[in-house]
Amino acid sequence: MKIRTIYKKGIGAFLFLIGIFFISTSYAEVNPYNYRKDFYRMPVWDRIEEKSLLETTLNTKLRQLVPQTPVEVKDREGNVVVISGGKRRYSISRDGTVTYYANNTKTHSRRLLRDDDGDDFKSGELYLFRTYQRENPSSGRFVVFNEWGEIVGYEVWGLDNKLLERQDHLGRPTYRYEYDDTGYWEHDLINDIWKRYEQEIPVEERRNSKEGEIIAHWEKGEFFGIRGLWRIERDWNGERVADVRWTLYDEFGKELYITYNADGAVIRRYTWVKHRLILEEDLQNFDYILHNDFGRFEEGVIWDGERFSRWEYHWEGSKLVDAINNYDDDVDFYDRRVYDLDNKVIRTERRDKRTGRLMVILNESIDFSEVEDLNVEELAEYFNIDIQLAQVLFEWIEEMRRRGKVGASLFGQLDFAEATLTLFDENNQPFSTLRLNMPTINRNIPDVVPADDRGSREFFLKDDLKKMKIDCYQPNL
């Protein structure tokens, strides 16, 4: 009897260990791209555990061995959530990011790498790039670290496990969230844009407040012969405020594919591989941007089907360090953009190619409060600039005043090689480029002319990406 009891206990322990083995081997290091393709219409996040317990387990035999059977479900955005014992264990986003949980609280995130980067980072590796730490035991504020232990942001969560605020690496709020019975508002504090979501799908975007001017709305329907979810942007068309741009998105409003103008012409195009953006093309200005696993790594211009790189971006894992513009071999300097932990330009330097010596800082920052009371002529005198540039600055001031963005700032980047000055807003987005009356440095790229004068041309896309051994994906357009 005693031997039989010991035998039964031994079998029970053995089966329990087998169950633990199955869990660890089947669920610990999972390929994010191998999850099931079926799509569950999930309820809101606070009911996801209740819903998950009603789903069919992936391994029915495992349930007999281990009571805490892992269950796999999908949320509204197509992300996989694995739950065991009524708690989230990890989730897998469609772009191959795996986020791990302890007691339903995020602990760290890994990303499945697509690109090889020397000996340090290999394709197919689950690379740890984010960790999350509660500020103190009673706080809903979490500190977000990169893989180098540097703070890259903060997240503030409510008691009901809803995200309330995102902050940059210095703790300055960037996004706030307000919830109600049918959805929520996302407030972009930098641009003062209010974006409405219902059932996790974008509905509209307004300026300055929830009752402010509508600048874009989202609609499921058919435009330009394509059926899908569209973001329709409103702006001044020269006569009145009207719909001016249509951008096609995936069913979740996350991935954008193509943008049309009011004339039905394609003006931007985006290419994705396994839900990760790899290429942006601006078909008006003939520019392109290539992306790696964490962000852009090259941008330049397209001419007669050939790619001319302007900027090459350098990364340390998930951290953007700088970007370099080497110009041509006969130019004896290079330009270098330096970035902060929010991936925003701190400064742009011009350095000697041979020695690396700093020659000049190209950025000139302008604060709204410094110039808000100046007219065009006063701006020209204040900065010792011509009327053309002063007029652009004045229009920027008027726009910031209209938006109520008293904390706004901008900086200018002077490109001696092309004799242009590009003005960037506080989001590091260019909004105006001026050609200056100054000596230019000859380049192999022809002078830029308006897009309308260039005629039709073949852009690099599939052929060039095949050389890069990238499997192109675009929706059936």
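The values are calculated or read from the model by the stated rules, or taken from the named source; none is laboratory data. Computed from a prediction, not measured in an experiment: that's the story for all the values here. Glycine also receives a Cβ, built like all others from the backbone with ideal geometry; neighbour counts cover every protein chain displayed. Surface accessibility is based on the protein's heavy atoms, side chains included, excluding ligands, DNA and RNA. Shrake-Rupley method; radii C 1.70, N 1.55, O 1.52, S 1.80 Å.
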(message) Per residue, how large is the accessible surface of the range 131-237? Use a 1.4 angstrom probe and give square angstrom.
(response) 54
(request) Return the long-range amide H neighbours of Leu164 (sequence gap of 5 or more, or a different chain), with a cut-off of under 5 Å between placed amide H atoms. (result) Val156, Trp157, Gly158
(message) Applying a 10 Å radius around every beta-carbon, put 91-98, 277-284 in order of their mean neighbour count, most first.
(response) 91-98, 277-284
(message) What three numbers, in Å, describe the spread of the alpha carbons of the range 202-316 along their principal axes, ordered from the longest?
(response) 42, 32, 30
(request) Summarise the accessible area of the range 165-218 (1.4 Å probe, protein heavy atoms) by the percent that is carbon and sulfur. (result) 43
(request) Against the globular-protein guess of 2.2 N^0.38 Å, express the Cα radius of gyration of the range 260-350 as a ratio, rounded to two decimals. (result) 1.22
(message) I need the trypsin sites (Lys or Arg not before Pro) found in the range 187-238, filtered to DSSP loop residues with at most 12 other beta carbons within 10 Å of theirs.
(response) Lys210
(message) Per residue of the range 275-289, what does 6.51 cos²θ - 1.76 cosθ + 1.60 with θ = phi - 60° give for ³J(HN,Hα)? Whole Hz please, x for Gly and Pro, Karplus curve as stated.
(response) 6, 10, 5, 10, 8, 10, 10, 9, 7, 8, 9, 6, 10, 9, 9
(request) Can you send over the carbon and sulfur percentage of the accessible area for the range 268-319, probe radius 1.4 Å, protein chains only? (result) 40
(request) Report, by chain and number, residues whose modeled amide H sits under 5 Å from the one on Glu125, excluding near sequence neighbours (fewer than 5 apart, same chain). (result) Leu113
(request) Could you calculate the FRET efficiency of Phe145 with Arg172 from 1/(1 + (r/R0)^6), where r is the beta carbon distance between them and R0 is 22 Å, rounded to 0.05? (result) 0.80
(message) Show me the ranking of peptides 131-144, 245-258 by mean Cβ neighbours inside 10 Å, starting with the highest.
(response) 245-258, 131-144
(request) Kindly write out, for the range 316-329 in residue order, the coupling ³J(HN,Hα) from the Karplus curve 6.51 cos²θ - 1.76 cosθ + 1.60 (θ = phi - 60°), rounded to whole Hz, with x marking Gly and Pro. (result) 10, x, 8, 9, 7, 9, 7, 9, 10, 10, 8, 6, 8, 5
